[in-house]
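Please treat every number below as a calculation from the coordinates, not as lab data. Here the structure is a predicted model, which is why all the values come from computation and not from measurement. Cβ placement follows ideal geometry from the backbone for every residue including glycine, while neighbour counts extend to all protein chains displayed.
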Amino acid sequence: YVPGALFPVREPYISGLPNLYALNERVITILETPLGDVAIVMVAAINVSTIELQYQKDRINSKTITVAKSNTQVEKGDWIATFHLGSTVVILTESRDIKIAAQENQALRYGENLAYV
């Protein structure tokens, strides 16, 4: 967990506020996979600052950076986290073997493919 601001994550804020994703509150989950590490960055925003993690039920202190390790196993399609009211997720991967299935600016719903190997 990284504390931060709660700027709206939509235009014109995205293009008008440099480093918006780094300024806002966020939760970073790092998954160790056979293709390398995958970082899932859940970026909070105004009215969207409640991020519920399925693997971490402890309360997060919103004033400090919190690091928690979990040996929780996740499988393809497992539910990792919930945004209450929705927001933005940034996914970073070490692998070059991943093919993006979604189109730019496409809204995705739970269960839809984002990418494939």
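Karplus-based coupling profile of the range 69-78, in residue order and whole Hz: 9, 9, 9, 5, 8, 10, 10, 3, x, 5, with θ = phi - 60° in 6.51 cos²θ - 1.76 cosθ + 1.60 and x standing for Gly or Pro.
Please return the longest range in the chain lying between exposed loop sites, taking GluC sites (Glu not before Pro), DSSP loop only, at most 15 other beta-carbon atoms within 10 Å, and leaving the sites out. With a cap of 15 other Cβ atoms within 10 Å, the longest stretch comes to 1-74.
Straightening the chain between residue 97 and residue 116 buys 6.0 nm, computed as 0.36 nm per residue apart minus the Cα-Cα spacing.
Here the Karplus curve 6.51 cos²θ - 1.76 cosθ + 1.60, taken at θ = phi - 60°, turns the phi angles of the range 105-116 into couplings of 6, 6, 6, 10, 10, 3, x, 7, 6, 9, 7, 8 Hz, with x standing for Gly and Pro.
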